[in-house]
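Undergrad: Mind having a look at this structure? Questions to follow.
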Amino acid sequence: MQKFAFFADVNMMLQEFQPDIVSICTPTPNHAPMVKTIADYDCVKSIFLEKPIAQSLEEADAIIKACETKEIRLNVNYVRRWSSIYNMAKDMLIPSKILALHGIHPGPILRTGTHMIDLFNWFFAFHLEDFSSTTTTAFNSSLSPYMQGTDDLNINGVINYGEKQAWLIGQQIPYLLFDVTIICDDKRIQIANNGEELTVHRVYPSSRYEKIQELKHVSTLRHVDEKSILLIAMEEIVKNAPTRCSGYQARNALHVALALHYSATHGNKTVALNEVPYDYMVRSY
């Protein structure tokens with residue numbers, strides 16, 4: 001029978017087991033101090049960190065620095081980056097021009113919304129140097145009853161990636177609804193049921209109206225991955241595969257989320273990412 005060991009002190013665990021890989025799934029306020037502690041152990045070569053990476057940009061940078069100083073590979077659990085469905089959608093975007101994105105999810109901006117924001121960033125091939133042209137505007141927000149004791153809000157808002165827009169709907173929904181629509185110049189891609197279904201519609205001349213183009217269904221794929229994407233992620237990390245979601249990419253998702261939160265708590269004004277205070281902190285879960 002397989003045995004499990006439980007520790008109340010992370011130092012005792014690290015000293016006894018000397019692990020190569022450590023998974024951190026503690027509440028967000030513990031991420032930065034936990035990473036700093038783990039990075040002091042030479043045995044650790046890789047960290048798999050729960051999202052969001054931190055509560056503030058300041059904490060995120062401390063995590064990234066601690067890992068880089070000790071040459072520890074950091075993967076952050078934006079697990080949809082390991083999904084075949086989402087990767088197929090990403091590949092379909094290569095010949096296309098993205099016009100807009102739309103995403104709906106069932107929860108607070110840091111806890112769940114950063115999953116959607118990370119996808120937006122990933123689909124737009126969003127990089128740190130693009131921050132100067134990115135703004136966010138919240139237009140509705142509320143605190144979830146199950147998030148009492150935190151300041152992580154449900155937020156509806158828009159992210160302007162330069163001239164491109166992504167609409168984010170974060171509603172309190174009593175079930176898991178995580179759907180993404182990517183509107184391109186030549187197609188529409190919809191990912192529904194939390195990555196279980198990928199539907200593609202392409203642009204064709206309308207058979208009903210003159211000089212008008214319409215969308216026609218091309219294909220629908222369902223249940224592509226035979227095992228959980230979290231297991232796929234862990235297998236890649238064990239094999240030392242290339243990082244799917246780095247600390248910098250997770251910081252990007254956090255940065256956009258913090259900007260939306262800052263907008264929501266400051267009269268829904270438009271907020272550029274460089275306007276978010278470095279120590280602005282949102283307590284998630």
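Bear in mind that the values in this text are calculations on the coordinates, not laboratory data. Treat the numbers as computed from the prediction; the structure is a model and nothing was measured. FYI the Cβ positions are ideal-geometry reconstructions off the backbone, even for glycines, and counts take in every protein chain you see.
Undergrad: What ranking do 24, 189 get, fewest neighbouring Cβ atoms within 10 angstrom at the top?
TA: 24, 189
Undergrad: Additional query: Restricting to the chain, compute how many DSSP beta bridges are antiparallel as a %, nearest 5.
TA: Counting DSSP beta bridges with both partners in the chain, the antiparallel share is about 75 percent.
Undergrad: Now for a different question. Suppose the chain between residue 203 and residue 176 were pulled fully straight at 0.36 nm per residue; how much longer would it get relative to their current alpha carbon spacing?
TA: Gain in length upon complete extension: 6.7 nm.
Undergrad: Along the Cα-to-C-beta direction of residue 186, a point sits 7 Å from the Cα; which residues of the stretch 211-225 have their amide N less than 18 Å from that point?
TA: What the label zone holds, given the 18 Å backbone N cut-off, is 213-219.
Undergrad: Can you list residues whose amide H is under 5 Å from residue 23's amide H, if they're 5+ apart or on another chain and H is modeled 1.01 Å from N?
TA: Here 48 satisfy the definition.
Undergrad: To continue, here is another question. Where Lys and Arg each count +1 and Asp and Glu each count -1, what net charge lies around residue 57 among other residues with Cβ under 14 Å from its Cβ?
TA: Taking every other residue near residue 57 into account, the sum is -3.
Undergrad: Moving to a separate point now. Sorted from fewest to most neighbouring beta carbons within 10 Å, what does the list 180, 200 look like?
TA: 200, 180
Undergrad: Which of the trypsin sites (Lys or Arg not before Pro) found in the stretch 166-243 are in a DSSP loop and have at most 12 neighbouring Cβ atoms, other than their own, within 10 Å?
TA: 208, 211, 227, 239
Undergrad: Using θ = phi - 60° and the Karplus form 6.51 cos²θ - 1.76 cosθ + 1.60, what ³J(HN,Hα) does each residue of the stretch 233-248 get, whole Hz, x for Gly and Pro?
TA: 4, 5, 5, 5, 5, 4, 7, 6, 6, x, 5, 8, 9, 7, x, 5
Undergrad: Expected output is a single nm value to one decimal: the length gained when fully extending between residue 3 and residue 58, i.e. 0.36 nm times separation in residues minus the C-alpha distance. What is it?
TA: Extra length available between residue 3 and residue 58 comes to 15.9 nm.
Undergrad: Can you work out the Karplus-derived ³J(HN,Hα) for every residue in the stretch 85-95? Use 6.51 cos²θ - 1.76 cosθ + 1.60 with θ = phi - 60°, whole Hz, and x for glycine or proline.
TA: With the stated coefficients, the stretch 85-95 comes to 4, 5, 5, 4, 4, 4, 5, 5, 7, 4, x Hz.
Undergrad: Full extension from residue 215 to residue 97: what is 0.36 nm times the residue separation minus their Cα-Cα distance, to one decimal in nm?
TA: Length gained between residue 215 and residue 97: 40.9 nm.
Undergrad: Taking springs between alpha-carbon atoms closer than 10 angstrom, which of 83, 141, 206 fluctuates most in the Gaussian network model of the chain?
TA: So, out of 83, 141, 206, the one fluctuating most is 206.
Undergrad: About its Cα centre, what dipole magnitude does the stretch 10-77 give when the only charges are +1 on Lys and Arg Cβ and -1 on Asp and Glu Cβ, stated in debye to the nearest 20?
TA: 100
Undergrad: In percent, what relative contact order does the stretch 10-77 have, based on Cα pairs under 8 Å that are 6 or more apart in sequence?
TA: With pairs under 8 Å counted, the relative contact order is 36 percent.
Undergrad: Next question, about the same structure. Of 221, 254, 198, which has the largest mean-square fluctuation in a 10 Å C-alpha GNM of the chain?
TA: Residue with maximal mean-square fluctuation among 221, 254, 198: 221.
Undergrad: A further question on this structure: In nm, to one decimal, how far is the residue 65 label point from the residue 224 one, both placed 7 Å along Cα→Cβ?
TA: So the two model labels end up 3.9 nm from each other.
Undergrad: So, one more: Which Cα, out of 265, 149, 27, lies furthest along the positive dipole direction of the chain (beta carbon charges, K/R +1, D/E -1)?
TA: 265
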